[in-house]
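Below is one structure; the comments refer to it alone.
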Amino acid sequence: MTDPFLRFVNCVGAYRMRAFALNEGLGGALGVAAEPLPHQLATVRRVLSEAEIRHLISDEVGLGKTVQALMIVNALRFQDPTHRTLVVAPDNLLSQWQDECWTKGHVMPALVGASDFDPANLPSVTLVRPRDLTVRDDEGGRIFQADNKVFDLLIVDEPQTMPRDAVQTISQLADGFRQVLVLSATPRLGDGAWRNMLMRILEPEIAQLAQLQNKTIDELLAEREAGAATELLKGADAFPLVHARFAAGRRIVRNSRSDWNDRLPRRRNHSIRVQPLHHERLRIEIARALVRNADSRLGFEGPQWTSAKSLQRSARAARVVLAEIASRGGELSELARTARQLTLDDPGDARLGALLDILASQWTKDPDQTFIIVCGDNPTIDLLQAALPRYFPELEAAISVLRRPSSGEVDRVTNLREMQATLAPLNSGVSRLLLVGDWVQAGLNLHQISSGMIFYSLPWEIDSIDQLIGRIDRLGGGRADRHGQRWIDIWRILVEGAQETAVADCMAAMGVFDAPLPPLSPEQLTDVQQILAQTAVVGSSPDPVSKLAAADQGLPSSIKLDPSVNTVAARELYATWQQPDQERQSMGANFAGHTPVARKESAMSIWLKTMDRAGDFDVGRRADKVDSYCFRTLWYPRQAASGRAGQSPFLLPGVNHERWMSDHLPFILRRSDVSSPPRRTVLTDEGEDTPRPLHFLDNGSVIFDTLVGGYCAAAASTFSRAKRLTQTVVMMPEGHPALAIGSTVLLVAAQLDPFPDEFLPSLWSTEAEELLATAPTDAQRIALLADRKALMSRWRAVQRAVRLAAPPRLLLIGSAHGKEGWCMLSREQIETCLQPFAPPDWKAVARGRPASQPLIKQESVERLEAVHRDLVTEAAKHFHEDAVARSKSALEIVAAQMSATFEAELRNRNLTAERRRTARPEGVPEELWLGQVAALERLSTSSAINLSEALALIHRYQAGELRAGEPQTISILMGLRCID
């Protein structure tokens with residue numbers, strides 16, 4: 001160790017990073033590459049602090065459900081590095097999940113069905129399509145087994161877009177998973193069939209009881225809520241506990257956009273009307289005739305509507321329909337032949353000029369703007385793809401196209417790669433336009449690509465309009481004006497007299513373009529489609545048209561949280577998080593930043609700079625060789641002569657010592673450095689053919705976690721109490737404020753954790769092992785093991801609840817010798833002594849060397865160490881007493897939730913065992929029947945043991961019976977000198 005002072009500073013830096021992850025970072029959740037927003041902070045905290053992670057996050061479109069899921073995953077990985085997640089998502093969302101898992105969540109996920117998929121070597125996140133869970137191979141087995149022995153957490157994204165049989169399969173598979181998250185803005189809880197499938201996922205014990213008692217899930221949920229009547233009489237203070245135990249929607253979280261308008265972009269609508277060309281007038285006339293006698297009660301169903309829509313799109317799309325009508329004969333055939341000939345003679349489009357005007361005016365203001373153009377169908381896409389480069393030559397290779405995938409059997413991995421290839425030029429800035437038909441997959445985020453959408457043609461269904469606009473109307477989307485307000489622009493190009501224009505006007509009157517659709521019942525949607533169909537038949541919008549209003553699409557429940565109260569609480573939580581207790585926060589006041597995350601980034605930057613100056617690692621800066629995007633690099637310290645790696649305190653995973661050029665790691669550490677859209681790779685050197693993965697450095701990243709773990713290990717091996725106190729002479733740059741504190745300083749650091757891992761019981765208790773020994777078969781032993789793993793998951797929930805209620809902290813204690821002898825230091829003074837860089841430019845660095853002779857007498861050293869040891873012990877005692885008090889209400893809720901879940905499980909198992917005991921199946925040998933009864937009774941005993949042990953851990957903690965050993969401290973004695 002060449003510089004004991006800088007090594008100590010780096011070790012304290014590691015302590016600081018771990019303390020932040022557990023404190024301000026919500027147990028590791030906020031290590032993802034996203035600035036947390038109030039509602040996200042509140043949701044993640046709620047999910048992580050409950051007894052069981054089995055929740056539906058039903059935030060409205062654009063509020064960041066995927067980011068919240070990644071935060072939860074990051075926290076679970078931080079708590080248990082072996083944790084594994086299985087994500088089930090529709091095909092066209094897999095690309096987004098792949099990108100966000102890496103760029104925000106630090107994980108390169110595996111994709112089931114990909115050529116490199118290796119089931120024997122899975123990363124912490126695996127992605128799978130719904131169909132892969134239902135399709136069976138030639139031998140009848142599923143292509144992919146969603147094995148709850150392999151995966152801890154199941155995430156189901158946008159289940160309402162999946163085939164019903166797939167959701168049914170998922171709801172069955174979810175029973176065995178210890179943790180489940182469902183993400184859906186429109187979960188269809190108002191539809192009884194869909195509600196049953198979702199509630200089976202969220203409340204498996206209720207679903208099983210419904211089968212045993214021949215009741216519906218709704219009936220049992222209502223009975224459970226009725227059982228809360230007495231508890232509700234205890235007043236408002238009891239409501240959180242009542243909701244957590246009895247409410248039908250206790251595991252459903254929903255945030256509304258209306259509650260967070262200040263965090264979302266606003267919409268600007270532009271309606272541009274053009275006069276039709278002659279052949280377009282004829283096509284409009286034919287379209288009206290086609291649907292003149294259509295039954296509007298059927299909405300837009302039927303081939304006549306498909307033809308009418310095509311006639312009002314491009315000439316290329318219309319010609320096919322006109323030819324078919326002309327071939328039929330009848331009163332429209334001659335008109336159709338005339339219109340078709342006109343489209344051949346002059347295939348002009350009245351809307352094209354308006355589109356060109358929009359693009360020209362917008363690109364004059366900002367040449368870098370990207371737009372999404374909704375074309376309606378493939379022929380119109382082809383038309384614009386060919387026509388636009390004639391007017392804007394720079395678009396020759398700068399137009400991307402996203403078409404609706406075929407409904408037939410397709411290679412889904414290929415489709416995913418095609419979508420990634422489509423979006424890549426937009427992400428990189430090569431493409432300026434994205435042409436789409438009348439469809440974009442729900443959940444596909446395009447807000448990082450564009451803030452402008454042009455409807456060249458419009459879908460005639462309100463949900464299609466809503467999904468299209470919803471791809472850009474999201475958190476972080478839009479363009480900011482000079483006041484900081486973000487805007488998205490929506491243009492509608494409308495042809496006068498067209499049915500499509502009448503439909504668009506009716507939609508506008510309903511408010512479809514102004515804001516996301518409110519939750520609508522199936523009956524409301526049917527009514528809306530009838531109104532729109534009638535509008536198209538008569539060619540004008542009815543007067544008046546009412547704005548769409550939300551239907552009650554929630555779960556039937558009499559115990560509901562007040563959304564406005566939740567919003568206020570979320571904002572208060574966020575305000576508290578932004579300004580934590582100065583003594584409890586992980587980052588000192590000298591770290592700049594307007595939020596805890598920003599202060600952590602400042603501390604990380606100084607930490608990395610200190611590593612570099614200490615010679616522990618080589619930390620540099622580079623720019624991408626293609627587009628000059630700036631990032632940092634990390635490698636081992638370089639030897640000047642050979643360029644090979646020098647000595648470092650520990651090894652980095654997957655990084656060898658051969659050459660900086662081939663082995664360095666590119667990374668970014670500030671959320672403001674994350675590009676829009678986030679980039680996955682960079683080219684660091686001229687001539688490099690293969691880009692390198694770009695890491696985001698924070699907890700959850702294997703590199704960051706290695707740095708923290710490596711320095712914590714170095715702290716224990718060098719500066720712990722078991723070692724002789726390190727004494728060092730520190731040469732401080734002139735003007736360093738630490739020089740005014742004292743000539744000799746003793747610093748002590750410790751990590752205080754209210755619920756360290758040592759409090760977690762071992763997997764098998766004596767009683768559980770005795771029960772295991774009675775199981776005669778592997779299958780029964782596996783079932784008992786699954787029970788114990790579920791119990792361990794709930795024990796970890798207790799740990800999370802305590803840590804969130806009473807966060808771990810970094811304890812710093814110090815004293816200095818000055819003119820008046822030894823005196824204790826404030827937190828601010830200690831942080832000053834740990835700052836290796838000096839003002840005014842913060843470039844000059846302090847240097848330490850081992851003291852050649854003792855800085856103070858040995859008896860003084862022993863006396864000082866004893867004083868500081870007592871101070872640490874006293875601080876730890878008060879910390880744990882305070883933690884028990886602060887976590888009281890949180891643990892009451894966890895205990896109530898655990899009791900409810902285990903009691904329900906025990907009841908179900910007892911009922912099942914009793915049925916088997918009293919009704920021997922016909923034809924089953926007695927010995928086999930008795931074995932089955934014994935196995936079921938054994939599971940009931942397992943539930944009873946687990947209930948007792950789960951609550952025992954909470955009771956022991958609340959009683960103060962769980963006591964940690966003496967805090968592990970590190971310390972250093974420094975003689976401060978000024979560099980001459």
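Summary of values
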| quantity | calculated |
| --- | --- |
| Complete set of residues in the range 111-124 that are out of contact with any strand residue (DSSP E or B) (no Cβ under 7 Å at 6 or more places or on another chain) and open to solvent by less than 20 Å² (accessible area, probe 1.4 Å) | Ala114 |
| Selected residue (criterion: least open to solvent (accessible area, probe 1.4 Å)) from residues of the range 241-296 that are more than 21 Å from Phe455 (Cβ to Cβ) and assigned to a strand (DSSP E or B) | Val253 |
| Residue that is hydroxyl-bearing (Ser, Thr, Tyr) and within 24 Å of Met453 (Cβ to Cβ), where the choices are Thr501, Thr567 | Thr501 |
| Matching residues, the range 324-345, being open to solvent by 40 Å² or more (accessible area, probe 1.4 Å) and in contact with a Lys or Arg (Cβ under 7 Å, 6 or more places away or on another chain) | Arg340 |
| Unique match (being more than 30 Å from Thr718 (Cβ to Cβ) and of a type in the set (S, T, N, Q)) among Ser948, Ser971 | Ser948 |
| Per-region count, the range 35-52, residues in contact with a strand residue (DSSP E or B) (Cβ under 7 Å, 6 or more places away or on another chain) and surrounded by 23 or more Cβ atoms within 10 Å (Cβ to Cβ) | 2 |
| Where Glu922 falls short, out of the listed (1) outside any helix (DSSP H, G or I); (2) open to solvent by 20 Å² or more (accessible area, probe 1.4 Å); (3) in contact with a strand residue (DSSP E or B) (Cβ under 6 Å, 6 or more places away or on another chain) | (3) |
| Residue match in the range 829-849 (condition: surrounded by 18 or more Cβ atoms within 10 Å (Cβ to Cβ), over 25 Å from Leu154 (Cβ atoms) and of a type in the set (Phe, Trp, Tyr)) | no |
| Filtered residue count, the range 398-444, keeping only those that are modelled with pLDDT under 65 and at positive phi | 1 |
| Some residue of the range 231-239 being aliphatic (A, V, I, L, M), open to solvent by 60 Å² or more (accessible area, probe 1.4 Å) and not in a helix (DSSP H, G or I) | yes |
| Filter result (assigned to a helix (DSSP H, G or I), β-branched (Val, Ile, Thr) and farther than 12 Å from Phe300 by Cβ) within the range 524-546 | Val538 |
| Boolean, Ser310 is touching an Asp or Glu at 6+ places or on another chain (Cβ under 9 Å), in a helix (DSSP H, G or I), hydroxyl-bearing (Ser, Thr, Tyr) and at negative phi | yes |
| Count of residues meeting criterion [open to solvent by 20 Å² or more (accessible area, probe 1.4 Å) and touching a residue at least 40 places away in the same chain (Cβ under 8 Å)] in the range 125-135 | 1 |
| Arg847, sole failed condition from (1) out of contact with any Asp or Glu (no Cβ under 7 Å at 6 or more places or on another chain); (2) more than 30 Å from Glu203 (Cβ to Cβ) | (1) |
| The range 16-34 - residue that is open to solvent by 10 Å² or more (accessible area, probe 1.4 Å) and outside any loop (DSSP other than H, G, I, E, B) and, of those, farthest from Val730 (Cα to Cα) | Arg18 |
| Arg863 being part of a helix (DSSP H, G or I), among the basic types (Lys, Arg) and surrounded by 15 or more Cβ atoms within 10 Å (Cβ to Cβ) | no |
| Test for Gln553: is it open to solvent by 10 Å² or more (accessible area, probe 1.4 Å), in a loop (DSSP other than H, G, I, E, B) and at pLDDT below 90 | yes |
| Looking only at the range 614-633, and only at residues there that are closer than 19 Å to Cys712 by Cα and either in contact with a Gly (Cβ under 8 Å, 6 or more places away or on another chain) or assigned to a helix (DSSP H, G or I) (or both), the one that is most open to solvent (accessible area, probe 1.4 Å) | Gly615 |
| Verdict on Arg671 being modelled with pLDDT of 90 or more, out of contact with any strand residue (DSSP E or B) (no Cβ under 6 Å at 6 or more places or on another chain) and either within 30 Å of Pro967 (Cα to Cα) or surrounded by 14 or more Cβ atoms within 10 Å (Cβ to Cβ) (or both) | yes |
| Top-ranked residue in the range 793-821 [being closer than 16 Å to Ala740 by Cβ and in contact (Cβ under 8 Å) with a residue 40 or more places away in the chain; ranked as farthest from the chain's Cα centre (by Cα)] | Gly818 |
| Enumeration of residues in the range 634-650 that are in a loop (DSSP other than H, G, I, E, B) and in contact with a strand residue (DSSP E or B) (Cβ under 6 Å, 6 or more places away or on another chain) | Tyr636, Pro637 |
| Close pairs (7 angstrom Cβ cut-off, 6 or more residues apart or separate chains): modelled with pLDDT under 90 in the range 300-311, of a type in the set (Phe, Trp, Tyr) and open to solvent by 30 Å² or more (accessible area, probe 1.4 Å) anywhere | none |
| Unmet criterion (only one of (1) at pLDDT 90 or above; (2) crowded, with 22+ Cβ neighbours inside 10 Å; (3) not polar (S, T, N, Q)) for Met108 | (2) |
| Qualifying residue in the range 148-165 (condition: in contact (Cβ under 8 Å) with a residue 24 or more places away in the chain, of a type in the set (Ser, Thr, Tyr) and open to solvent by less than 40 Å² (accessible area, probe 1.4 Å)) | no |
| Residue that is farthest from Arg250 (Cα to Cα), among those in the range 558-576 that are among the aliphatic types (A, V, I, L, M) and in a helix (DSSP H, G or I) | Ala575 |
| Extreme residue, farthest from Phe177 (Cα to Cα), among residues of the range 203-230 that are open to solvent by less than 60 Å² (accessible area, probe 1.4 Å) and among the charged types (D, E, K, R) | Glu225 |
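Condition check ((1) at pLDDT below 95; (2) buried (at least 19 other Cβ atoms within 10 Å of the Cβ); (3) more than 36 Å from the chain's Cα centre (by Cα); (4) aromatic (Phe, Trp, Tyr)) across all residues:
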position: His736; (1), (2), (3), (4): yes, yes, yes, no
position: Ser743; (1), (2), (3), (4): yes, no, yes, no
position: Leu760; (1), (2), (3), (4): no, no, no, no
position: Thr766; (1), (2), (3), (4): no, no, yes, no
position: Glu769; (1), (2), (3), (4): no, no, yes, no
position: Ala773; (1), (2), (3), (4): no, no, yes, no
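For every residue, the table says whether it meets (1) under 23 Å from Arg680 (Cα atoms); (2) touching a Pro at 6+ places or on another chain (Cβ under 6 Å); (3) among the polar types (S, T, N, Q); (4) at pLDDT below 95.
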| site | (1), (2), (3), (4) |
| --- | --- |
| Leu37 | no, no, no, yes |
| Val73 | yes, no, no, no |
| Thr85 | yes, no, yes, no |
| Val112 | yes, no, no, yes |
| Asp116 | yes, no, no, yes |
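The values are calculated or read from the model by the stated rules, or taken from the named source; none is laboratory data. None of these values were measured; they are calculated from a predicted model. Positions of Cβ are backbone-derived with ideal geometry, glycine not excepted, and every protein chain shown enters the neighbour counts. Protein only, heavy atoms only, side chains kept; ligands, DNA and RNA dropped before computing areas. Shrake-Rupley method; radii C 1.70, N 1.55, O 1.52, S 1.80 Å.
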